[in-house]
Amino acid sequence: MPVRFAPQQGLHANISQHVHQCRRPRARRCNTVRQAHHVDEGTAEQVGQLLAENKALRLALSKLQGVQPQEVIFDVEAVAALEPVQQADADAPEDSARLEAGIAWPVPGESPPFWERPARTAPLQRGQRANGVGAVRDARRLHVVHMTAEMAPIAKVGGLGDVVTGLARACLLRGHTVEVMLPFYECLPKDQLEGLQHDCEFDCPKGRVTDGQMRTEGLRTLAFRAKIDGVPVVLLRPDWGAGNLFRGSRIYGGSYNELEAYLYFSRACLEYLSASGRKPDIIHVHEWQLSAVPMLYWDSFHAAGLSKARVMLTIHNMDNSGECRQEEFAHTGLPGELFASVDKALDERTVGHNPERLCLMKGGIVYSNAVTTVSPTYAREALDGGAAGWLRSTLARPEVRAKFQGVLNGIDTALWDPAVDHFLPAPYSAADPSGKALCKRYLQKGLGLEVDACKPVVACVTRLVPQKGIHLIRHAVYRTLELGGQFVLLGSGHADGDFRRMASEEFRGSPATALLVMYSEAAAHLIYAAADVVLVPSLFEPCGLTQLIALRYGALPVVRATGGLADTVHDVAKGGEDANGYTFTGVDEGSLNSALDRALTAFREQPQWWADLTQRNMLVDCSWERAAGAYVDIYNRLAAL
Ligand code: ADP
């Protein structure tokens, strides 16, 4: 059954309203979350009452849903641990004149570009990041170690980075011990690594080709500890000749051999756990880059003192599965031949070829205790459709099928919250959406678009790779203009050539089109806030986060109904409580038109309906607090094995 986000109505609405009200007295009185410990007696009593009501409502809801009630706490400690950030009176309506007067309005062509500087001359006392109040506290506390190539916001290329940070934060708030292991990329902004400190050093076995021969040597590896966005991280840096194995100015595509680097990193993560005496309950690895971990773990490390840990693999995208020659696997310090059979990690397409290759993702799937992907529909498409490609036969094995499932992503609603988003010139929320119009005007001015509230801004924030439906994005630019709208693209990736040309020639100085071919976290926030429509025309989409961010930022998603997009966007034409945007199914331009045209017509002809729907969407719970529960259930199941 497709998973649907339930709008917070009825009982949900009461709960959310109560939780929301709980924050008010505290927010009004405290400058930092840490000071929340010192709320006065009256406030504490009021909070206590509201929490008691909240608990009663949750119990009633659990009964209605026929599920076990969960403990809900007012977890000031957990919040304080995560959130040493300014907080202010989020819920008090801003004086609109003061709000507008403090905006540092941009001018087109500003250098450096306007998204790289503060949007306001007079900073606002923005609200707190809303994590943790009313967080579910799990009875059983687990120690979870993530191993990943990305982590938002400072080591992010796409959704993987968002997921790792969002899930880790949510699990911390639920009371678990969570650490994230990440390569110490040369390009990481060190000033954003909170409390960076040297932890330890150890020798990690690694294959290295010398005189044409692969030999295993000990590679000195330095471990550092820090926090990223409040989440504890361990950064591993190999002492590799003169520099870092993870060289270059980018996360991927830097000046290093990715396969070699991630094979080394997979081994180094396990060596670190062993060297530091950690005994996690769960090792949670992500994507092909870390798929060698379960293979190495069950082959060598399980016996060597880490026996408690169970290993889980999350596949965020099956498009890249980590092809690996057997001799290359020796970068882990173990011979690839160990895994070169069809029941293990051999890529069966290469059977009988010379040489026969391994597939890291296949090895990860076979050797992990649980395997998840990021939406139920994508999981089905992998099992029964073409999403997994040749890996479908691996997923079809009964023992693999039994441990494979789709868990829908959430978004980090603390990072993505227009009420407290520091990138925005004006905050807004479902309760007071007026700031969104200022955000739209701000972006229109800055990008040199015609400043007109009545023109729908259609936005697309995306990696520019074939998966994302490049030809449909290009078509949507022209279609939006035909329909009298404005198109804003923020995109980067290897298939960006066409858009670079369009930006520098055809649409140079256009009052209705801005094509920003680059990556910018700040620009992304501004664009979501200004957008009326967010377009996601992916050919396939494991989950997709931009449609969820769109909902939260009061823009209506127009998406191709595939993978997680089909799970999260429900067409208004079908009606129903969960209708929240526009969908189409074909991969042709006509199909896209069928959804985009309807959206832009509704924007123009039904402004009140549009405002109501966007407001309602902003209240839909697409947080990690909701999504993390499914992961915790899997962790618990594995820990009990
Ligand atoms: P994928 O992981 O396939 O790239 P998702 O929709 O899961 O797609 O996640 C994309 C994430 O990356 C979102 O947070 C989106 O805002 C961000 N993003 C994509 N392209 C850019 C860009 N050019 N600049 C800034 N952020 C981007």
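Side notes on the structure shown:
- Extending 7 Å from the Cα toward the beta-carbon at both Val107 and His198 defines two label points whose distance is 5.0 nm.
- Packing order of peptides 631-641, 286-296, 469-479, highest average first: 286-296, 469-479, 631-641 (average count of other Cβ atoms within 10 Å over each peptide's residues).
- Stretchable slack from Arg397 to Asp633, in nm (0.36 nm times residue separation minus alpha-carbon distance): 82.6 nm
- A simple packing score, the average count of other Cβ atoms within 10 Å per residue, orders the peptides 326-335, 273-282 as 326-335, 273-282, with the highest score first.
- Assuming charge only on the beta carbon of Lys and Arg (+1) and of Asp and Glu (-1), the dipole of the range 143-400 about its Cα centre is about 460 debye to the nearest 20.
- The distance between label points at Val209 and Asp299 comes to 1.9 nm (points 7 Å beyond Cα on the Cα→Cβ vector).
- Sequence-distant lysines (8 or more away, or on other chains) whose Cα lies within less than 24 Å of Lys227: Lys156, Lys190, Lys279
- Qualifying aspartates and glutamates (Cα of each under 15 Å from Cα of Lys468; at least 8 residues distant if same chain): Asp319, Asp496, Asp498, Glu541, Asp588, Glu589
- Under 17 Å of direct C-alpha separation, and excluding same-chain neighbours fewer than eight residues apart, Lys445 reaches these aspartates and glutamates: Glu100, Glu110, Glu116, Asp532.
- Annotation: average projected area of the range 496-619 is 8.3 square nanometres, based on the convex hull of Cα atoms across all directions.
- Taking every DSSP bridge with both residues inside the range 143-400, close to 55 percent are antiparallel.
- Solvent-accessible surface of the range 309-462, averaged per residue with a 1.4 angstrom probe and all protein chains in place: 34 square angstrom.
- Charge dipole (debye, nearest 20) of the range 413-622; +1 at Cβ of Lys and Arg, -1 at Cβ of Asp and Glu: 400 debye
- Computed extension length for Arg225-Arg380: 51.9 nm, one decimal, from 0.36 nm per residue of separation with the Cα-Cα distance subtracted.
- For the range 143-400, the residue among Ser375, Asn317, Cys204 whose Cα projects farthest onto the positive side of the dipole built from Cβ charges is Ser375.
- Extension gain, Val587 back to Met518 (0.36 nm per residue minus Cα-Cα distance, nm): 22.3 nm
- √(5λ) per eigenvalue of the Cα gyration tensor, the range 143-400, largest first, Å: 26, 23, 17
- Label point of Glu100 set 7 angstrom out along Cα-Cβ; within the range 447-463, amide nitrogens under 19 Å from it belong to 450-455.
The values are calculated or read from the model by the stated rules, or taken from the named source; none is laboratory data. These figures come from a predicted structure and were not determined experimentally. As a convention, Cβ positions derive from the backbone with ideal geometry for all residues, glycine included, and neighbour counts pool all protein chains shown. Heads up: the accessible areas ignore ligands, DNA and RNA and are worked out on the full protein's heavy atoms, side chains in. Shrake-Rupley method; radii C 1.70, N 1.55, O 1.52, S 1.80 Å.
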